[in-house]
Amino acid sequence: MRLHRRRRVMLVTGATGFLGKHLVNGAATADWELIAPGSGSMDIRARDSTITTIRDWKPNVVVHLAYRKDRPTIVDGSRHVAEGAAAAGAHLVHMSTDVVFGGRAAPYTEADQPFPIIPYGEHKLDAERAVASAHPTAAIVRTSLLYGTDRPSPAQVELAAALRSPAARRGMTFFTDEFRCPAHADDVARAVADLAGRPDVVGPIHVAGPERVSRAQFASLMARHLGADAHLIPTGTIAESGQVRPANVVLDVSKAARLGITCRPVTAVLGSTV
């Protein structure tokens, strides 16, 4: 790829993923020249080659969205990307999650101390700390359940398949007592692009929907949006399942709102009420 340097350059990891596609194919990045290396050309688990690749491209900003649900990718990969961004003198926007928190009655602000209770949350918190150590001025975006409309999320695809097949629904449960703040991927992509141009925003920032919605309610909304029968959705409680899960994770998004960054209510987007 030859860069003409007429525009600012954004290097995006995970550009072929769900959020990555919303970012690189959206209007929010129209003013950016994009570099989107695939895992074949930049394996973020390989420290030296990752740092060298990012440094050689000399981007103005690195957006780290690459995702696999394993610790080497989540923690080590994030550290390597942060080290590469720092070596290139680039601003960094790192994607994290709400489940760095364990759940409580009150919403979480950026000042609250994370305390994950599931392995994925532990990995993501370790990644946040690795990123902050390697690139102290990075923006760390915590978001909640992502969904789409024109482009469905993997969870939406799985739900659609389950609604078509009783066999696919076996072993699937949507909890009535697990609450999150769903956010449309377009809204989060716009937020990421905005933060890419704001190196003054440092540390954690919560970007999520304004509504507290249970997993079961969220599945019901998605089913209705698909024109499917929401009564087919298997529901239950965390207690009945015997699992350990963060039951009530609500992100306080007032910091983002002060910057003009907001997400639409899921009920407004999917055209129903809960």
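The values are calculated or read from the model by the stated rules, or taken from the named source; none is laboratory data. What you see is a predicted model; the values in this text were computed from it and never measured. Ideal geometry is used to build each Cβ from the backbone, glycine not excepted, and the neighbour counts take in all protein chains shown. The protein model used for the area step is the full one, side chains on, heavy atoms only, and it has no ligands, DNA or RNA in it. Shrake-Rupley method; radii C 1.70, N 1.55, O 1.52, S 1.80 Å.
Per residue, the solvent-accessible area of the chain (1.4 Å probe, heavy atoms of protein chains only, all protein chains present) comes to 45 Å². Residues whose amide H lies under 5 Å from that of SER96, counting only those 5 or more places away or on a different chain, are VAL141, ARG142, THR143; hydrogens are built 1.01 Å from N in the peptide plane. Candidate cross-link partners of LYS255 among the aspartates and glutamates, defined by an alpha-carbon separation under 19 Å and a same-chain spacing of 8 or more, comprise ASP98, GLU110, ASP112, GLU128, ASP187, ASP194, ASP200, GLU211. Centre-to-centre, using Cα atoms only, region 5-37 and region 40-117 are separated by 16 Å. Protection proxy ranking, highest mean first, for peptides 26-33, 243-250: 243-250, 26-33, where packing is the per-residue count of other beta-carbon atoms within 10 Å, averaged. For region 244-261, the Karplus equation 6.51 cos²θ - 1.76 cosθ + 1.60, evaluated at θ = phi - 60°, returns couplings of 9, 9, x, 7, 9, 10, 10, 8, 6, 10, 5, 4, 5, 4, 5, 8, x, 9 Hz by residue, with Gly and Pro reported as x. What is the list of residues in region 233-274 whose amide nitrogen lies under 18 Å from a point 7 angstrom out from the Cα of ALA168, following Cα to Cβ? Residues 233-235 fall inside that zone. Ligands, DNA and RNA left out, the accessible area of the chain computed with a 1.4 Å probe is 51% carbon and sulfur. Sorting 170-177, 192-199 by their mean Cβ neighbour count within 10 Å, with the most densely packed peptide first, gives 192-199, 170-177.
What does a probe at LEU226 reach in region 178-199, counting residues whose amide N is under 19 Å from the point 7 Å along Cα→Cβ? Inside the label zone: 182-185. Close amide H pairs (under 5 Å, H built 1.01 Å from N) link GLU33 with ARG8, VAL9, MET10, residues at least 5 positions away or on another chain.
Annotation: amide H-H contacts under 5 Å for TYR108 (H modelled 1.01 Å from N, sequence separation of 5 or more, or interchain): VAL250, LEU251, ASP252. Sorting the segments 80-87, 263-270 by their residues' average number of neighbouring beta-carbon atoms within 10 angstrom, most packed first, yields 80-87, 263-270.
Checking every one of the trypsin sites (Lys or Arg not before Pro) in region 1-75 against DSSP loop status and a limit of 10 other Cβ atoms within 10 Å picks out ARG2, ARG5, ARG6, LYS69.
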